[in-house]
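The values are calculated or read from the model by the stated rules, or taken from the named source; none is laboratory data. All values derive from a computational prediction rather than experimental measurement. Cβ: placed from backbone, ideal geometry, glycine included. Neighbour counts: every protein chain shown.
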Amino acid sequence: MITSRYSGCIIHDTTPDQCKAFRCIIFRIFTKEGVEIGRVTGARVLHSDDKDLRETWDEGLAKINWSGIDMEKLMVEYLSEKGYTIS
């Protein structure tokens with residue numbers, strides 16, 4: 001699992017009770033075969049055990065302005081170009 005130096009919630013300043021029981025998922029990442037191999041949560045953190053996806057994610061982070069408002073859209077485009085399906 002990758003954790004990021006940007007691991008705070010982008011919605012709340014604190015951790016509300018509902019967040020302790022529910023994990024926001026921004027998008028899910030699938031292989032070409034349709035197998036889910038990762039999830040990106042509300043704090044823009046990748047949760048995956050797939051080595052190739054983690055490496056691709058890190059490469060994307062190095063190229064994309066993390067704090068930019070379009071970060072999620074740009075990361076989806078980047079991962080799609082690398083052959084992943086995003087939902």
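Give me a count of the residues in the stretch 28-55 that are part of a helix (DSSP H, G or I) and within 11 Å of the chain's Cα centre (by Cα). Steps first, answer last, please.
To start, the set of residues in the stretch 28-55 that are part of a helix (DSSP H, G or I) comprises 51-55.
After this cut, where a residue has to be within 11 Å of the chain's Cα centre (by Cα) as well, the list is 53-54.
So the answer is 2.
Would you pick out the residues in the stretch 7-45 that are at pLDDT below 95 and in contact with a helix residue (DSSP H, G or I) (Cβ under 9 Å, 6 or more places away or on another chain)?
Cys9, Ile11, His12, Ile26, Phe27, Val40, Gly42, Arg44
Go through the stretch 60-87 residue by residue and tally those that are in a loop (DSSP other than H, G, I, E, B) and in contact with a strand residue (DSSP E or B) (Cβ under 6 Å, 6 or more places away or on another chain). Spell out how you get there, then give the answer.
Quick first cut of the stretch 60-87, residues in a loop (DSSP other than H, G, I, E, B) only: 64-70, 82-84, 87.
Then keep just the ones that are in contact with a strand residue (DSSP E or B) (Cβ under 6 Å, 6 or more places away or on another chain); that gives 84, 87.
Summing the residues that are in a loop (DSSP other than H, G, I, E, B) and in contact with a strand residue (DSSP E or B) (Cβ under 6 Å, 6 or more places away or on another chain) in the stretch 60-87 gives 2.
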